[in-house]
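Report on one structure; see the data block that follows.
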Amino acid sequence: QVQLVESGGGLAQPGGSLRLSCVASRIIFSGYAMSWHRQAPGKQRELVAIITTGGGTNYADSVKGRFTISRDNTKNTVYLEMNSLKPEDTGVYYCKATFGFTNAWGQGTLVTVSS
């Protein structure tokens, strides 16, 4: 059973930065596309960024130029570097592992952007 554990969330000021990590276990990590999603209070979960097995990336328009997704297959870890944070970036951030039609989710880490 796939396990994903996120960390790195917390409180940041507008304009600040945070780096999220998601460590995967019990999978052949390099074979999975990895993505970050977020859910703001009262809103649906949305895709933030995705990185393919080959390292290709794609981002939601709202975070382009501010967030960077990366992966380290030697550490079974996917990262989300978040810069120039805005209050609207507040939410619970989840990582997801995808292999074909199989998806696994982490438990989420809370990011709060507030002064």
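Any residue in the range 40-54 that is in contact (Cβ under 8 Å) with a residue 60 or more places away in the chain, open to solvent by less than 80 Å² (accessible area, probe 1.4 Å) and of a type in the set (S, T, N, Q)?
Applying the first criterion (in contact (Cβ under 8 Å) with a residue 60 or more places away in the chain) to the range 40-54 yields none.
No, there is no match, as no residue in the range 40-54 is in contact (Cβ under 8 Å) with a residue 60 or more places away in the chain, open to solvent by less than 80 Å² (accessible area, probe 1.4 Å) and of a type in the set (S, T, N, Q).
Quickly run through the range 23-75 and pick out the residues that are part of a strand (DSSP E or B), charged (D, E, K, R) and under 19 Å from residue 111 (Cβ atoms).
Passing the criteria: 38, 46.
Report the residue count in the range 35-57 for those that are of a type outside the set (A, V, I, L, M) and more than 20 Å from residue 86 (Cβ to Cβ). Walk me through how you get there before you give the answer.
Keep residues of the range 35-57 that are of a type outside the set (A, V, I, L, M), which gives 35-39, 41-46, 52-57.
Those still in the list that are more than 20 Å from residue 86 (Cβ to Cβ) too: 35, 52-57.
Qualifying residue count, the range 35-57: 7.
Of 85, 80, 110, which residue is within 14 Å of residue 8 (Cβ to Cβ), open to solvent by less than 20 Å² (accessible area, probe 1.4 Å) and assigned to a strand (DSSP E or B)? Break it down into steps so the answer makes sense when it comes.
Working: 85 fails: assigned to a strand (DSSP E or B); 110 fails: open to solvent by less than 20 Å² (accessible area, probe 1.4 Å).
Being within 14 Å of residue 8 (Cβ to Cβ), open to solvent by less than 20 Å² (accessible area, probe 1.4 Å) and assigned to a strand (DSSP E or B) holds for just one of 85, 80, 110, which is 80.
In the range 88-107, which residues are more than 12 Å from the chain's Cα centre (by Cα) and either exposed (fewer than 14 other Cβ atoms within 10 Å of the Cβ) or closer than 21 Å to residue 25 by Cα (or both)?
Within the range 88-107, 88, 98, 99, 100, 101, 102, 103, 104 qualify.
Are there any pairs with C-beta distances below 7 angstrom linking a residue in the range 11-26 that is at pLDDT below 95 to a residue that is open to solvent by less than 60 Å² (accessible area, probe 1.4 Å), with the two at least 6 apart or on different chains, and if so which?
As it stands, the answer is 25/76; 26/2, since those pairs meet every condition given.
Which of the residues that make up the range 6-22 are open to solvent by less than 80 Å² (accessible area, probe 1.4 Å) and under 11 Å from the mean Cα position of the chain (by Cα)?
Within the range 6-22, 6, 7, 8, 9, 20, 21, 22 meet the criteria.
Could you grab me the full set of residues in the range 68-106 that are more than 17 Å from residue 47 (Cβ to Cβ) and of a type in the set (A, V, I, L, M)?
85
Can you pull out every residue in the range 88-107 that is part of a strand (DSSP E or B), within 26 Å of residue 15 (Cβ to Cβ) and in contact with a Ser or Thr (Cβ under 6 Å, 6 or more places away or on another chain)? Break it down stepwise before answering.
Taking the range 88-107 first, the residues part of a strand (DSSP E or B) are 91-99, 102-105.
With within 26 Å of residue 15 (Cβ to Cβ) added as a condition, the list becomes 91-95.
Listed by number, the list holds a single entry, 93.
Does residue 25 meet the test of being farther than 14 Å from residue 112 by Cα and open to solvent by less than 70 Å² (accessible area, probe 1.4 Å)? Walk me through how you get there before you give the answer.
Numbers: farther than 14 Å from residue 112 by Cα: yes; open to solvent by less than 70 Å² (accessible area, probe 1.4 Å): yes.
In short, yes.
The values are calculated or read from the model by the stated rules, or taken from the named source; none is laboratory data. Since the model is a prediction, treat every value here as computed from it, not as a measurement. So basically every Cβ, Gly included, is an ideal-geometry build from the backbone, and we count neighbours across all protein chains shown. For accessibility, only protein heavy atoms count, side chains too; no ligands or nucleic acids. Shrake-Rupley method; radii C 1.70, N 1.55, O 1.52, S 1.80 Å.
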